[in-house]
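Here the structure comes first, spelled out in C-alpha cells, and everything after it is commentary.
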Protein chains: 2
Amino acid sequence: MSTTITRVTARDIRFPTSKSLDGSDAMNATSDYSATYVTLETDSSLGLQGHGLTFTIGRGNELCVEAVKSLAKLFVVGRTLEDITANFGAYWHEIVAGDCQLRWVGPEKGVIHLATAAIINAIWDLWAKQAGKPVWKLLVDMSPEELVRCVDFTYLTDVLTPEEAIALLRRVEPGKAAREREMLEQGFPGYTTAAGWLGYSEEKMRTLARAAVADGWTHLKQKVGADIEQDLRRARILREELGWDRKLMMDANQTWDVDQAVENMRKLAAFDPWWIEEPTSPDDVLGHAEIRRRIHPIGVATGEHAHNRVMFKQFFQAKAFDFCQLDPARLGGLNEVLAVVLMAAKFGVPVCPHGGGVGLCQYSQNIVLFDYIAVAASLENRVLEYVDHLHENFVEPIVIRRGRYMPPKLPGYSVTMKEQSLDRFAYPHGAEWIS
Amino acid sequence: MSTTITRVTARDIRFPTSKSLDGSDAMNATSDYSATYVTLETDSSLGLQGHGLTFTIGRGNELCVEAVKSLAKLFVVGRTLEDITANFGAYWHEIVAGDCQLRWVGPEKGVIHLATAAIINAIWDLWAKQAGKPVWKLLVDMSPEELVRCVDFTYLTDVLTPEEAIALLRRVEPGKAAREREMLEQGFPGYTTAAGWLGYSEEKMRTLARAAVADGWTHLKQKVGADIEQDLRRARILREELGWDRKLMMDANQTWDVDQAVENMRKLAAFDPWWIEEPTSPDDVLGHAEIRRRIHPIGVATGEHAHNRVMFKQFFQAKAFDFCQLDPARLGGLNEVLAVVLMAAKFGVPVCPHGGGVGLCQYSQNIVLFDYIAVAASLENRVLEYVDHLHENFVEPIVIRRGRYMPPKLPGYSVTMKEQSLDRFAYPHGAEWIS
C-alpha cells in the first residue's frame, strides 16, 4: 500500500505585522510576516495531507508561491511517499539539481531554494503524520543508516562522508533514551527576542524585559545596528533589568561592514554580549571569521540567511562562527538541515536554529530536540530563539514553560495552520487584507 | 530637461536550443536559452527606450519576469534617468536593499538578483543611448570619481574603499587614449566554446575544432565532467586539432566534489589545460582555493554563478581563482560588475567574463573593453568567451575578426533584440512555441 501525492497547492499567506512593528530590526524595518504555505494532498483513505511553509516577510512571497508550482509539477505530483522516502537523499538531490533549467535560477539559493524548503518540509510532515509521530521523534527513532540516507553529500565529501556521519551518530546512541526522557520532562532551553525589537520604545523594552525575567527567561536578545548610541542606551536598560548573570545577545541583522562591526562591538563589549548575530553580509564567511578573531571573547552567530550546506561547510572550515543559526526554511528543507547538523557535530559548533518569523519556532523545536537526543548530546551553549507572535495560527502552537520549549506531541512537522487562519490571512483576498 | 521612466515591461523570451543540444554540458544537459527581457519606456520626445535582459535556460524564466514586475513597481516607474544616474551607486543600493521585504527572498542572490540585473542593465542601456555611446565608451569617458559614484561599497570596505578605487583608476589614465585606439583597430581577444559542447559527437567536435583553428582562434574550451574517460578521449581529439601552442580550457560546470576535481584534473593534466572552470559548487570559495593549491599550475576559473560582490571579495581574499569569470546578468547589473572589476584590479586577477548563453557576449564585450582601456590596462591572461548561437536576434550582433571581438558601435548596452525575434520567441504564445 503506497500513498500517492495527487495535488500540490501553494497559498500566499501574509500577516500584517508591520502595523505593530513586531519583528522590526535595523535591516527589516517593516515586515509583514508571511508564509508560502504548501499542502500536499494524497490518495490516502485517511485523508492524509502534508503541510510545509517557507517564511518570507511580505512582498516576494508571490515569487515563492510561483516557484513551488514550477517545482511541484516536475517533482512532486504523482510521486509516492514510499518512493521518495526510500532514498530521500537522492530525491532531495533530484529536486535541487534534477531540472537544470530551474536549478539555474538559484542554484540552491534565493526564491527557488525557499520554495524547495516548503515542499521538502511538507513531505517530512506527511511522512511523520503517516508514522504517527512528530518529526523530532521520527528522526530520533531512525537508525544512523536511515538518517544518513536522507542526506545528499554532494559538495560535502571533503569534510564529511556518509561513513563518518554514521560513526558520529553511532557514538552517542547509548544515551539517547535518557536524553529523550529528559527533554519530555524538562524541555529544551530557549531565549527571547520579544523585548528587543528596534521599533519598540525604550520604555516598552524595559517593561517587556522585566516581564521576561519574571517569566524565567535566562537569555534575551537585543536588536542593534541602526545607531550605536541608541544601541548602547538600550543595552544599558537591558542590563539593568537582566543583571549580569543572565545572557544578553545582540543582533545587527547584516547592517555593518567588517571594520564597522568590530568597532561597534568593542563599544558594546561593556555590556558583556554573549554573541553578536549577523554582524555583516550573510555571504561573507571570511568577514565573519575576521570579526570573530578581532572581538573575541564575544561570540559570533549567524546562519539564518546562509542559503545552503556549502555555505555552512565554509563557516565551519573557516572557524567563522561560534553559534550555527541554520534556518529550517532557508536551507532546502530538513534533509539539508540534517547535513548541517551533522557537520556541526563534527566541528563541535552548537546549533541554535533561527526561530521567530512565522512557523520557524514551530519547525526548529523539532530540530533542536533531535540534535540534542541523537547527534550533539550536549546542551552547552545551545538555546532556541523564541518570539511571541502568531502562534495562535497553528494547530499545535509551541509550548514554553519557564523559558524552555516543551516537545510537540502531534504527528508532523508542527507547522500545520488552522484553516480559519489560512482563509483570513490569504493575500490579497483574505478578510484581513480586503478590509 | 529630464527623462522619466513611464513604464516597465518584462517579456519571457525562450529559444528552443535544447533541440540541437547547443549549450549542453555535464550539469545542463537540455537548456532552452532564455531571457527575461526588460524594456523601459520613457517620456522622451525621441522615443528613447532602455533594454536589458537577464539570462536563464528555460523554466524559471517566468519567476524572473514576475520579480522584475515586483521591483519595477517600487523602484523604477516614475523615476528620472537623471535622478538615478546622479548617484547611481546609491540607487543601486536602494534597489537591492531598499525594500526589506523583497530583499528577504535573496538577499542579493537568485531570482530577485537576476531580475535586478535586467533592470539595472536596462537603465545603463537607456543612459548610454541618451549619451549616444555604447556602454564601454560611456564608461571609458567617465572620470574616476564619476565611475566610483556608480558603485555601492557596502560590505566591501574591508578590501576596497572609494578612495582606493579612485587611485587605481587614476594610475592607468595616461594610456587610455592609446588603448582605446588599439581596441578599435585590433579588437579584444576571444576564445570559443563552439566545438566543445558535451552533447556533440566526437566527430562533430573534431570538425568544429578544425574549423575554429582555421578561423584564427587561439583558445578553445572543452566541456568535461560527465565521464572522465570520455573527457580524456575528447581532450586528445582537441589536442590533435589544436596542437600544443594553442590554449585548451576545460569546464566542469560544477559537477565535482573537491577531491574528485583534483583527481580528475590530475588525469586531464596530460593535455595541458590552461584552466579548469567551475570544478565544484559555485558557492565553495574555500573548495576552489583548495583545488587551486592542489592542481597548480593548472589555473582555476569561476564566477558565472557567483551571485554578488561579497562572493567575489572572498574569491579574491582566499586566492581561490586565477580567472574571474563574472557574469553581467547574474551580478546585479553593471554597477556590481564595476565593483568586481575594481577589486580584480586591486588583487591582480584577470577578468574573463561569462559569455555564451543569449546576450552575455553582447554585454561582456563592453565590460572587457572598459576593463582593458580604463582599469586593468593589460591583456595578459584575458580572453572573452565566444559562443556562436542566437546572435542574429540582436540589433547589433557581436563582430568577431580572426578570433577577436571588434568594439560595438551603436549606443547602448548591446542587448537590444529585434522586435521580430521578441515576437517569435515569446513564451508560451510566440510562433516558435505554438507550432
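None of the figures in this text is laboratory data; all of them are computed from the coordinates on show. Since this is a predicted model, take the numbers as computed values, not measurements. Virtual Cβ from ideal backbone geometry, glycine too; neighbours counted across all protein chains shown.
Quick look at the numbers
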quantity	calculated
Estimated vicinal HN-Hα couplings, Hz - region A:337-353 in sequence order (Karplus 6.51, -1.76, 1.60; Gly, Pro = x)	4, 4, 4, 6, 4, 5, 4, 4, 5, 5, 8, x, 9, x, 9, 10, x
Relative exposure of A:Thr116, B:Thr416, judged by other C-beta atoms within 10 Å (fewest first)	B:Thr416, A:Thr116
Rotational relation B to A, axis-closest Cβ in chain B, residue and distance rounded to whole Å	B:Gly110, 1
Given charges at beta-carbon only (K, R positive; D, E negative), |dipole| of region A:1-91 in Debye	180 debye
Across B:Lys221/B:Lys267; A:Lys221/A:Lys267; B:Lys109/B:Lys319; B:Lys19/B:Lys73; A:Lys73/A:Lys129; B:Lys267/B:Lys319, pairs whose alpha-carbon gap is larger than 25 Å	B:Lys19/B:Lys73
For the protein assembly as shown, convex hull of alpha carbons as volume per residue, Å³	163 Å³
Degrees separating the helix B:61-75 axis from the principal Cα axis of chain B, which is the longest one	30 degrees
Förster radius 56 Å - calculated FRET efficiency between B:Ala167 and A:Arg402, Cβ distance, rounded to 0.05	0.40
Other-copy label distances relative to A:Val399, 7 angstrom Cα-Cβ extension, nm	7.7
Interchain or long-range residues, amide H under 5 Å from A:Asp283's placed H	none
log10 of Debye I(q)/I(0), alpha-carbon scatterers only, for region A:169-418 at 0.09, 0.12, 0.14 Å⁻¹	-0.37, -0.67, -0.93
Other-copy label distances relative to B:Arg7, 7 angstrom Cα-Cβ extension, nm	3.8
Label 7 Å beyond Cα on the Cβ vector: B:Ile166 copy-to-copy distances, nm	6.3
Two-site FRET efficiency, B:Ser45 against A:Trp433, from Cβ-Cβ distance with R₀ of 56 Å, rounded to 0.05	0.85
Value at 222 nm in deg cm²/dmol, rounded to 500, when DSSP H runs of n ≥ 4 in chain B each add -39,500 (n - 2.57)	-12500 deg cm²/dmol
Karplus-derived 3J(HN,Hα), 6.51/-1.76/1.60, for each residue of region A:176-189, Hz, glycine and proline x	4, 4, 5, 5, 5, 4, 4, 5, 5, 7, 9, x, 9, x
Difference of contour (0.36 nm per residue) and Cα-Cα distance, B:Asp245 to B:Glu185	19.1 nm
Euclidean distance between Cα centres, region B:403-435 to region A:386-429, Å	49 Å
Table column - 3J(HN,Hα) (Hz), region A:359-367, Karplus curve with 6.51, -1.76, 1.60, x for Gly and Pro	x, 6, 4, 4, 5, 5, 4, 5, 5
Net charge dipole size for region A:383-435 [Lys, Arg +1 and Asp, Glu -1 on Cβ; Debye, nearest 20]	320 debye
